[in-house]
Each structure stands twice: as C-alpha cells, then as structure tokens.
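The values are calculated or read from the model by the stated rules, or taken from the named source; none is laboratory data. The structure displayed is predicted, hence computed values, not measured ones. Here Cβ is always computed from backbone atoms with ideal geometry, including for glycine, and neighbour counts include all displayed protein chains.
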C-alpha cells in the first residue's frame, strides 16, 4: 500500500512540475514575442509618433541620435547652481528689462522689483555639438527648467500707480544654442553667443498673482504681460537673433558673431477680398499691419466700410536671415477701443529668389498657431507683391547704421515711457491700451483711459519721427503721408 501511495505522489508531483515548466516556458515565449513585436513597432515609429506619445516632455536624444545624454553635466550644474543663479539673475535683469521697456504697450512700464532664480538647477536632457566655422564651437542644449524662482514684476501705469505682480509656477522648455568663439589667451574663450532655437518652439509657462490685490482689478493686464513677454523673447532671443557676451579682457572684435542684415524685401500690399465682417452695423474698416520683426511694423491706410479694400501701398523691410524669417500680415478692423483681428497670413522668405518679383494670393487664417483655434473658417484673401534684394557690402553698412540709430531712438523713447515698441506704429490698436480701458475701475481705470485717448496722439506723433523705418509710397512712387 505504501508503495502505490509513493508512486502516486511522485507521479502527481512530476506531472505538476512538467505542467508548470511548460506554462513557464510558454509565458516566457509569449513575453519574448511581445517584446520583439514592441521593439519592431517602436523601430517603425517616426518623430511625430514619439511626439504624440510623449507630448512635449520627450528629450531630444530620444528622437535625434545626434543629441547625447549628459548626466555628468547635470550633476555639475547642481553643485555650481547657487553661484550661477546669483550671476544669472543679475544678467537676466540687465538684459531683459530694456526688452520689456521696448515691447510694452504705450503708457506702461515693466520692470523687475525682485528677481532670483531660486535653488533648483535646470536639467539638460541632451547636447549636440558641431563645428561649422573654424575657431567656433556650436552647442545645442535641450533645456528644461521647473525651478523655484522668486520673481516680482512691477507694472507701472501712466498715472504712476505700480502694481506688483508675482510670477509663480514658472516652467521653461527650449533648445538653447550656445556658440563659443575661441581665443589665444586665457580663458581661451573670447566671446559667447546665446539664442533660443525656433524649433521646437520655446515654451514659457507661468501663473500671475497680484500681491495684496486682485488681477481682475485692471482687465487685460494678464494678456498684456503674456503678449509682451512672448513677443520680446521671439523677436530678440529666438534664432537668428541672439545675445553676444564678451568674455576676454580686454574685449576683442566679436563682429563676426553679431547678426548682420542680409538684404531687404520690398512689399506691395495690393488688396484684400472677401474679408470677414466684424461689425453689427455696416462693414468693417480694414487696414494691414506688416512686419518681418515685430519691432519694426508698417501700417497701411484704413479703408472705411469695405470688405474688399484696395491699398496699393509699398513698404520695405530689412532681412537678417532669409532661411528662417517670414513676412507676417495682420488684417485688422479699426474700431473704438481695441481693433479686431480679421485674419493673418505668413509668407516664408526662403521661398524667394534674389531679385525675383512674385505676386501672391495669401489665404487669411484666424491665427498663426492654429492648434487651439476652434473657428477655422476662411477669412478671405490678401494680395501682395514681393521682391527680395541682397545687400552689397556698402548697402549693408548703411542699412545697419540706420538700424542702430533707429533702435537707439526707440530705446530712449521707451525709457521715457512715450512709446510701446511693438505697437507704436499702430498707435496702440492691437491688443494694447484699448483692451485695458474696458471695465477699468477707479482712478487706475480712468488713467488707462488716458492712454487710449490723450496719450494716443502723443504716441502717434512720436511714431512719425522714428516709428516707421521708411515712408510708404503709393503705386506711382509718390511719398505717402507719415503715419
């Protein structure tokens, strides 16, 4: 009896072991097949597929093999960050405050009453190194920062009242290009160039909080700050624009690192057709704002009560980098308070050949960034004529000297609070003081109203002197009326 019981138990245990081993091998085989299929599918994924899965949080090295992971650099940055944060805070304040003054709306001044980058170091997800010119090293950094900075922005209105606004939950994502120019003397670096690459588009996220008050006290302040910051960053720090920092002592010639004018584009704004009507009674009163850089805008005349306006006005714009810059058009409806956007269009300059004249029909869209736009219906068409001319060495020097003089005049006026660099040409119409007048409360509200009315005339007069780079001409070449 014991023999049979022992055989039965042994047979049962052996059978269980065989079944268990077979199940384990089957599961292992299925897992291997799953991993093989997963790796095959992952290998077939494109860069856009990776972006969809990871949203905006994927590192550059994930989809670009040329980007290298640099954990050692992050460890070093964490150790030296306390010293770097102090120096960088002063540098940012020195560089950014004049930019905010240039791009703020008329009647407003923006400055930092407190700026400290905090104790949390940024993270570098990847680095790409390349050498395009002898004696220079280009380093592209996949930069992400979600620190604990202490930033208080003082917003001063025309009546002198200052509103302290704290920037909280600041997040910054960008690919930063750093160019080192080597020198012979210690520290062996004569200068550094810093810029933000346009692709992927730099992102700055933050929330605003009024210290001791409510942000709703002055409607439009939040939008004004956001527009000013985004425009200033895109127009001065986004490649091809850059900041050149001299390192060597005594300073050496760094003119080869500076951005130079390549040529000019002559634009004829001919007409528009089938514009969207934004008026309850009658028709819109459209005009066009054109620019390559936001700092240098041109404006056509206003055609009253017309959805098929004809302008035939000619403007000229300097071009710094034809490969990356674009010509932008905003068609607006002149209205009481703030003007309404009828549509925008954009034309990349890289599509132009030297000395070639093109007549174009551009479709108008609600916004240049269409991702979050709900109403994507047709807004009409804009008809233009463009011609690109490459500067000779002599023409380049003359044009750059004129630009330096114009920029110096704008800085002086901005420091005096006479103009807002981004909207001086349009008299504060686009997202400027007019928006802030609506719902203004108390003395501050009435003070803002002065910006849109009384000071509006001063702004336009100042713009006549240096707001327009060149006077517009009619089709036969007769100088037009200064704006």
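Among the residues of the range 375-400, count how many are at pLDDT 90 or above and either part of a loop (DSSP other than H, G, I, E, B) or not assigned by TED's automatic domain parsing to the domain that holds residue 274 (or both). Count: 3.
Looking across the range 322-347, the residues that are out of contact with any helix residue (DSSP H, G or I) (no Cβ under 9 Å at 6 or more places or on another chain), within 16 Å of residue 369 (Cβ to Cβ) and surrounded by fewer than 19 Cβ atoms within 10 Å (Cβ to Cβ) come down to 328, 346.
Among the residues of the range 148-171, the ones that are buried (at least 18 other Cβ atoms within 10 Å of the Cβ) and either farther than 16 Å from residue 112 by Cβ or not assigned by TED's automatic domain parsing to the domain that holds residue 238 (or both) come to 2 in all.
Residues in the range 149-167 that are assigned to a strand (DSSP E or B) and under 21 Å from residue 108 (Cβ atoms): 151, 152, 153, 154, 155, 156, 162, 163, 164, 165, 166, 167.
Selection of the range 124-147 for residues being under 21 Å from residue 190 (Cα atoms) and surrounded by 17 or more Cβ atoms within 10 Å (Cβ to Cβ) yields 140, 141. Taking (1) in the same structural domain as residue 386 (by TED's automatic domain parsing); (2) within 27 Å of residue 230 (Cβ to Cβ); (3) modelled with pLDDT under 90 in turn, residue 257 satisfies each apart from (1). Within the set 9, 37, the sole residue that is surrounded by 10 or more Cβ atoms within 10 Å (Cβ to Cβ) and modelled with pLDDT under 75 turns out to be 9.
Inside the range 93-126, residues that are touching a residue at least 24 places away in the same chain (Cβ under 8 Å) and in a helix (DSSP H, G or I) make up a count of 8. Might you check whether a residue that is under 22 Å from residue 102 (Cα atoms) and either part of a strand (DSSP E or B) or not assigned by TED's automatic domain parsing to the domain that holds residue 240 (or both) occurs anywhere in the range 331-342? So far as the range 331-342 goes, yes, one or more of its residues are under 22 Å from residue 102 (Cα atoms) and either part of a strand (DSSP E or B) or not assigned by TED's automatic domain parsing to the domain that holds residue 240 (or both). Scanning the range 231-249 for residues that are assigned to a helix (DSSP H, G or I) and over 21 Å from residue 298 (Cβ atoms) yields a single hit, 233. Of the set (1) closer than 19 Å to residue 299 by Cβ; (2) modelled with pLDDT under 65, all apply to residue 406 but (2). With respect to the conditions (1) part of a loop (DSSP other than H, G, I, E, B); (2) without any contact (Cβ under 8 Å) to a residue 60 or more places away in the chain; (3) under 27 Å from residue 408 (Cβ atoms), residue 252 falls short on a single one, namely (2). Evaluate the range 302-317: report whether one residue or more is closer than 17 Å to residue 365 by Cβ and either modelled with pLDDT under 90 or surrounded by fewer than 17 Cβ atoms within 10 Å (Cβ to Cβ) (or both). Checked against the condition, which is being closer than 17 Å to residue 365 by Cβ and either modelled with pLDDT under 90 or surrounded by fewer than 17 Cβ atoms within 10 Å (Cβ to Cβ) (or both), the range 302-317 yields no hits at all. Selection of first residues in the range 360-374 that are outside the structural domain of residue 341 (by TED's automatic domain parsing) and surrounded by 11 or more Cβ atoms within 10 Å (Cβ to Cβ) and of second residues that are part of a strand (DSSP E or B) and at pLDDT 75 or above, restricted to Cβ pairs under 9 Å at least 6 apart or on distinct chains, gives an empty result.
Output the number of residues of the range 181-207 satisfying the condition of being assigned to a strand (DSSP E or B) and closer than 12 Å to residue 248 by Cβ. Break it down stepwise before answering.
So in the range 181-207, the residues assigned to a strand (DSSP E or B) come out as 181-182, 189-196, 203-207.
Right, trim to closer than 12 Å to residue 248 by Cβ and you get 181-182, 189-192.
Total satisfying the criteria: 6.
Residues in the range 268-299 that are part of a loop (DSSP other than H, G, I, E, B) and under 16 Å from residue 343 (Cβ atoms): 274, 275, 276, 277, 278, 279, 283, 284, 285. Would you mind telling me which numbered condition in (1) modelled with pLDDT of 85 or more; (2) under 15 Å from residue 154 (Cα atoms) residue 80 fails? Condition not satisfied by residue 80: (2).
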